[in-house]
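Engineer: The structure is given below, and queries will be raised subsequently.
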Amino acid sequence: AAIGSGGHRGWLAATNSSSSSLGLESAVQPLALNPWDVVLCISGTIISCENAVVVVVIFYSPAFRAPMFLLIGSLATADLLAGLSLMLRFAFVYFIPSEMISLLTMGLLVTSFIASVSSLLAITIDRYLSLYNALTYYSERTVTRTYLMLILTWGASICYGLLPIMGWNCLKEPSACSIIKPLTKNHLLILSVLFFMVFAVMLQLYMQICRLITHHAHQIAVQRHFLATSHYVTTRKGLATLATILGTFALCWLPFATYCLLGDHSSPALYTYATLLPATYNSMINPIIYAFRNQEIQRALWTVCCGCASSTAPFRSCSPSDV
């Protein structure tokens, strides 16, 4: 059986009495319940419920077929799969231990988190282009580009998630394991490097978006003879929203991505849990930032929940730049 730091058992592969890596085990004997695993399972349940609502609203409403909503739907789908993966891993580790199921659930978890981060990048690109090419954004080319980004996002995510199942794992060579078993150290290093590349691109794009927001707000203020204070308030609001989006992403993912570069199979499992948990919170926060703040989605939710939305209220198609 797997024994983690402090005697806990669960997703932990023992290497010595005080350090271990996160993983799924094929041991037959019952495992002692690890509180960290319970917290991850609860997080997965909340993530699944939140994102299931977004997925249902977007994909079952004809009004949400704009590129922006398709990308938000992709993000919600990825986060929904991430939440389900956390719950399935908990169930299979403690109740149905199996090596093949371990690989399948790990592959699903890798796929979902890669798709989630990639969808965030796609949303960032879409927001930037909606400002940079504002006159041509609402064209057939934007729809084509959106579908292309979705195909690349999910194609790459699924292919990479299949690697552990197809043999790139450390089940036969424990010394090659990363902080998350059965992923190899090299596997996790590649994921971490890719994450930092995505983060760097997002940071650069949001810096460009900040410049465009400031420029556009100034132009509108001049054309409509707004006061300087109005221009300042509008710009500050947009920049604060962008800072919240990027800051949340960084706070959730950077600790885990950094620890993936530094840790290995002998690293204390406590540090793995402590950095992985905030990363899962990103999938919990994404629906709030990208979906529930949107007025059209809010109206659809109210209609579904209580039917109290005004039937005469016009449907205003928001631009992705409405941050």
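The values are calculated or read from the model by the stated rules, or taken from the named source; none is laboratory data. Since this is a predicted model, take the numbers as computed values, not measurements. So basically every Cβ, Gly included, is an ideal-geometry build from the backbone, and we count neighbours across all protein chains shown. What goes into the accessible areas is simple: the full protein's heavy atoms, side chains included, and nothing from ligands, DNA or RNA. Shrake-Rupley method; radii C 1.70, N 1.55, O 1.52, S 1.80 Å.
Engineer: With the requirement that a residue be under 9 Å from His265 (Cβ atoms), in a helix (DSSP H, G or I) and among the aliphatic types (A, V, I, L, M), what does segment 176-192 give you?
Structural biologist: Matches in segment 176-192: Ala176 only.
Engineer: Still on this structure: Taking the conditions exactly as written (in contact (Cβ under 8 Å) with a residue 60 or more places away in the chain, in contact with a Phe, Trp or Tyr (Cβ under 9 Å, 6 or more places away or on another chain), open to solvent by 40 Å² or more (accessible area, probe 1.4 Å) and assigned to a helix (DSSP H, G or I)), does Leu270 satisfy them or not?
Structural biologist: Yes, satisfied.
Engineer: Could you please let me know if Ala115 is open to solvent by less than 60 Å² (accessible area, probe 1.4 Å), within 30 Å of Gly263 (Cα to Cα) and either in contact with a strand residue (DSSP E or B) (Cβ under 6 Å, 6 or more places away or on another chain) or of a type in the set (Phe, Trp, Tyr) (or both)?
Structural biologist: no
Engineer: Is it true that Cys318 is modelled with pLDDT under 85 and either among the β-branched types (Val, Ile, Thr) or open to solvent by less than 20 Å² (accessible area, probe 1.4 Å) (or both)?
Structural biologist: So Cys318 passes the test.
Engineer: Continuing with the same structure: Among the residues in segment 69-86, are any in contact with a Lys or Arg (Cβ under 9 Å, 6 or more places away or on another chain) and in a helix (DSSP H, G or I)?
Structural biologist: No.
Engineer: Go over the candidates Gly73, Gly83, Gly107 one by one and state the one that is in contact with a Phe, Trp or Tyr (Cβ under 8 Å, 6 or more places away or on another chain) and not polar (S, T, N, Q).
Structural biologist: Gly73
Engineer: Mind listing whichever residues of segment 74-102 are among the hydrophobic types (A, V, I, L, M, F, W, C), open to solvent by less than 10 Å² (accessible area, probe 1.4 Å) and at pLDDT 90 or above?
Structural biologist: Leu75, Ala76, Ala78, Ala82, Leu86
Engineer: Next up: Looking at segment 122-148, which of the residues that are in a helix (DSSP H, G or I) and within 13 Å of Ile213 (Cα to Cα) is nearest to the chain's Cα centre (by Cα)?
Structural biologist: Among them, the one singled out is Arg127.
Engineer: Consider segment 31-63. How many of its residues are among the hydrophobic types (A, V, I, L, M, F, W, C), crowded, with 18+ Cβ neighbours inside 10 Å and not in a helix (DSSP H, G or I)?
Structural biologist: Number satisfying all stated conditions: 1.
Engineer: Hey, Thr214 hits all of (1) open to solvent by 50 Å² or more (accessible area, probe 1.4 Å); (2) more than 30 Å from Ala240 (Cα to Cα) but one; which does it fall short on?
Structural biologist: Here Thr214 clears every test but (2).
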